Every structure is written in C-alpha cells, then in structure tokens.
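Peer 1: Shown below is the structure under consideration.
The values are calculated or read from the model by the stated rules, or taken from the named source; none is laboratory data. Being a predicted model, the structure only gives us computed values, none of them experimental. Cβ: placed from backbone, ideal geometry, glycine included. Neighbour counts: every protein chain shown. The area values use the complete protein model at the heavy-atom level, side chains included, leaving out ligands, DNA and RNA. Shrake-Rupley method; radii C 1.70, N 1.55, O 1.52, S 1.80 Å.
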Amino acid sequence: MFQIHCPYCNEKRDEIEFAHAGEAHYVRPTAKEQAEMSDAEWSRYMFIRDNVRGDTAERWWHQHGCNLFFNAVRNTVTDKLVMTYKMGEPRPTAAKIEKARES
Ligand SMILES: [Zn+2]
C-alpha cells in the first residue's frame, strides 16, 4: 500500500482512502456547445481519453477523508504519484513535475 498526499488535509494518507476519478482538466462543453456538437464529437468527448504513457494529470477523490476532489500527476509507467495539487490550479509545467519528482 502506498500513501497519497491530500493537498486539502495537507498530509499523506493511505491509498485506500482515495478513489481515482478520471482525467484532470477535462472541461465539459457548455449547453450551447453541446447543442452544436455532432454525434461523433459528443462521442469523442464522452468516451475518448488521452491514455498517456508517462506523466498524466488525473482527478482523485479523498473519499474517506475530507471528501474533496484534487488533481495529481501520476506516471503511468511507474504507477507513482509525482505530486498533487488543488482543483482550479493549472496543470503543472514539466519543470515543476521534475522538481517534485526529485524531492
Ligand atoms: Zn483530504
């Protein structure tokens, strides 16, 4: 079992308290945009994800803790969480991810 740092509780907790909640920074189209989307575009929004090999930004939920969602950068090759950050914060730059990986 590994531990995950919750940016709201500001402490590391056992992974069993958390749930993966999909890709981060994935913006739902507005109602107007949805009305103008083709079936193929809507299908792409609903079902197609980047599936990155390497560092990817994900949404996580501290389900059995503070009950808040946050974002994390996870390396899909090593399956290690590199860093976590609060919702609303921008996707970290490659330099920031490397700095977090070294610490
Ligand atoms: Zn928390």
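Peer 1: Among the residues of segment 12-20, is any of a type in the set (Gly, Ala, Ser), surrounded by 14 or more Cβ atoms within 10 Å (Cβ to Cβ) and not in a loop (DSSP other than H, G, I, E, B)?
Peer 2: no
Peer 1: I'm trying to understand the selection: among the residues of segment 47-80, which are at pLDDT below 95 and either under 10 Å from the mean Cα position of the chain (by Cα) or aliphatic (A, V, I, L, M) (or both)?
Peer 2: 48, 52, listed by residue number.
Peer 1: In this structure, does residue 88 turn out to be at positive phi, part of a loop (DSSP other than H, G, I, E, B) and either surrounded by 11 or more Cβ atoms within 10 Å (Cβ to Cβ) or of a type outside the set (Lys, Arg) (or both)?
Peer 2: Judged against the criteria, residue 88 is a match.
Peer 1: Output the number of residues of segment 22-72 satisfying the condition of being at positive phi, away from the ligand (no atom under 16 Å from the Cβ) and open to solvent by 80 Å² or more (accessible area, probe 1.4 Å).
Peer 2: At the first step, the residues of segment 22-72 found to be at positive phi are 22, 25, 51, 54, 67.
Subsequent filtering for residues that are away from the ligand (no atom under 16 Å from the Cβ) retains 22, 25, 51, 54.
If we keep only those that are open to solvent by 80 Å² or more (accessible area, probe 1.4 Å) too, we end up with 51.
Total meeting the criteria: 1.
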